[in-house]
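These notes concern the structure reproduced below.
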Amino acid sequence: MLMSNTDRAARLHFMANGFRVLSPGDHVVCASSGMRIALDDLRYWSVARQEAYASAALATAAMSE
């Protein structure tokens, strides 16, 4: 039986120029807002914190804390 990655959070390792999928899924959860971010739409993350963000504003706010 094939497993579907639909509606399953991926586990990622964030790097400076991209990310590596550690555990397959179709989305990640924003560390600031809790919003689901489709992997195709993921543009903002913190390498140091290993967190994903839904927007540039949320990433900037998290970095300034």
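Among the residues of region 12-41, the ones that are part of a loop (DSSP other than H, G, I, E, B) and touching a residue at least 24 places away in the same chain (Cβ under 8 Å) come to 5 in all.
Residues that are of a type in the set (Val, Ile, Thr) and part of a loop (DSSP other than H, G, I, E, B) within region 42-65 comprise just one, Val47.
Asp7: part of a helix (DSSP H, G or I), open to solvent by 70 Å² or more (accessible area, probe 1.4 Å) and not hydroxyl-bearing (Ser, Thr, Tyr), yes or no? No; evaluated as a whole, the condition is false for this residue. Kindly indicate whether any position in region 37-44 is more than 12 Å from the chain's Cα centre (by Cα) and either of a type in the set (Lys, Arg) or open to solvent by 70 Å² or more (accessible area, probe 1.4 Å) (or both). Looking through region 37-44, none of the residues is more than 12 Å from the chain's Cα centre (by Cα) and either of a type in the set (Lys, Arg) or open to solvent by 70 Å² or more (accessible area, probe 1.4 Å) (or both).
The values are calculated or read from the model by the stated rules, or taken from the named source; none is laboratory data. All values reported here derive from a predicted model rather than from experimental measurement. Note: ideal-geometry Cβ built from the backbone for every residue, glycine included; neighbour counts use all protein chains shown. Ligands, DNA and RNA are stripped out before the accessible areas are found, and what is left, the full protein with its side chains, is counted by its heavy atoms. Shrake-Rupley method; radii C 1.70, N 1.55, O 1.52, S 1.80 Å.
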